[in-house]
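Here's the structure we're looking at; comments come further down.
Taken together, the values in this text are just the output of simple stated rules run on the coordinates, not laboratory data. Please read all numbers here as calculations on a predicted model, not as lab measurements. Cβ placement follows ideal geometry from the backbone for every residue including glycine, while neighbour counts extend to all protein chains displayed.
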Amino acid sequence: MNLDVHGLLEEYRGGADPRDVVAGSLARLKEVHEVLNTTIAFLDERAGAAAEESARRWADGTARPLEGVPFAVKDVIDVEGVPTTGGSWVSSDEPATRSAEVVRRLEAAGAIAVSKDTTTEFAVGGPNPPRFGTTRNPWDPQRWAGGSSMGTAASVAARAVPFGLGTDVGGSVRLPSAWCGLTGLKPTSGAIPRTGVIPLSWTAETVGPLCRSARDVELLFGLLRGPDGVDPRATALPPFTPSPVSDASGLRVAVVGGYLTEMCDGAVRSGLDAMTGVLADAGAEIVAADIPSAAEVLAIGYRIVWVEAASVHRVNAARWSEYDPVLVSRISQGIATPAVDYLLAQQFRVRLQRELDDVFAGADLILVPTCPSTAPRLPDATVVVDGEEFPLYAAQSRSTMLGNLTGAPGLAVPTGFAPDGLPTSAQLMAPPHGEAVALRAARVFQALTAHHLAVPSLVEMSDVSSPVSGATPD
């Protein structure tokens, strides 16, 4: 196996048989699941058949770019032949008749889906979904992995799979990436088709990869992007050309303060400052900037998402008693929102887009905390900021919602560790279709640091610490 690809394949090259790779990944997933509760379905039979095909392709010289590489799939994304539950009791257990477009593209490149992963109910419920329960964080099982792409994040962070697919409506790729020490991308709205994904919010929803490194994200984004002729938001795109530049010279990085760094833990701010310093030393120009409406983003973003979620789920009103109470509360808020308030929220998006345009007129990237704290504490999912406890939803999506409302891409990048031993993270935001610039900056940062290579100690997980922590980093 000698393809010239990014770090994603490092564990799976050197002549490894894809059948052994997939079997090993599934075995590791099952061990990790026993402690962290990461997985809704293990795809042994389906993955085994795909591994046989990959072995044949390696033998006859027709291997594809991701031949034999296992990956995980959040269970709001269809995989042919497997039920898509959305983590809910009310979903049909009938197998999907066709894989989501994003799964089809990865499988066409040779990758092999090995699991359907836990999610908050329909990707909008609380951290303790009634059907499958919560997912624990591999850095500390007393903490939450983060939502809503929680099982995917924990599986990748625990080194059971090299990457996974999630969805992001207010931070659901970037937040679990931040709390599990991963690099996760919310792409430009419409860059990656949502066909075959349980709908939630047509305004805010995207599909994106959760990976170990920016190089892996870059590879996957190139394979996943582009229209499919079905998703109306996925239209023709400009070419995606990863930057060959290995430093940050010429990049202008805007560091935004004010509301986005208030109620933000000192360790998170330190990680942000450290990333700023590394990029500056690598040649970037650091500029100060302001987003005047930042304090309004979280509440208005939730308003739009709850209304659109209510429109999707009202058809199941007779079964709401089986829903997660948090999900019912959110749907109820959406139903109770006057149409004029929803329309005003949509108008706010235009103002916010213009404010970001103003920042991008003088900068190539915006750098903000991905989230204000390290991973939430279970069971109530509170967060601690400089020793003070806050409700999760008062803090978690302050900066991530910026991208969901405006359509701009955001990349969560691990920046180090807090005194509690948990990862910290910063988010690089770019103008729409500026993913290559954000990925360049993240690649430079990761070439000069090793935070993304750290492996969870898997405290109190002695039965899985050996096979997982012994994995070769990318």
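Before moving on, here are some points about what is shown:
- (1) 25.8; (2) 23.1; (3) 21.8, with the label sought being that of the calculated Kirkwood radius over Cα pairs in Å: (3)
- Relative contact order (percent, whole number), region 256-398, Cα cutoff 8 Å, 6+ residue spacing: 36 percent
- Among 398-404, 104-110, the order from most to least packed when residues are scored by Cβ within 10 Å on average: 398-404, 104-110
- With contacts taken as Cα pairs under 8 Å at a separation of at least 6 residues, region 129-221 carries a relative contact order of 27 percent.
- Look at where the Cα atoms of region 127-156 and of region 254-281 average out, and the two centres are 26 Å apart.
- By average C-beta atoms within 10 angstrom, highest first, the peptides 218-227, 112-121: 112-121, 218-227
- A simple count of charges around D281, restricted to other residues whose Cβ falls under 14 Å of its Cβ and scoring Lys, Arg +1 and Asp, Glu -1, yields -3.
- Short-range pairs are left out: with C-alpha atoms under 8 Å and at least six residues apart, the relative contact order of the chain is 19 percent.
- Computed [θ] at 222 nm, helices only, for the chain once each DSSP H run of length n ≥ 4 contributes -39500 (n - 2.57): -11500 deg cm²/dmol
- Ranked by how many other beta carbons lie within 10 Å on average, peptides 236-246, 47-57 from highest: 47-57, 236-246
- Cross-link partners of K30 among lysines, defined as those whose alpha carbon lies under 27 angstrom from its own and excluding same-chain residues fewer than eight positions apart: K74, K116.
- The residues packed around D117, meaning those with a beta-carbon under 10 Å from its beta-carbon, carry a net charge of +1 if Lys and Arg are +1 and Asp and Glu are -1.
- Mean Kyte hydropathy of 0.5 or more with a Cα span along the axis of at least 18 Å, helices from DSSP in the chain: 266-281, 294-313, 435-448
- Electrostatic bookkeeping for T39 treats Lys and Arg as +1 and Asp and Glu as -1; over the other residues with beta carbon under 12 Å from its beta carbon, the sum is -1.
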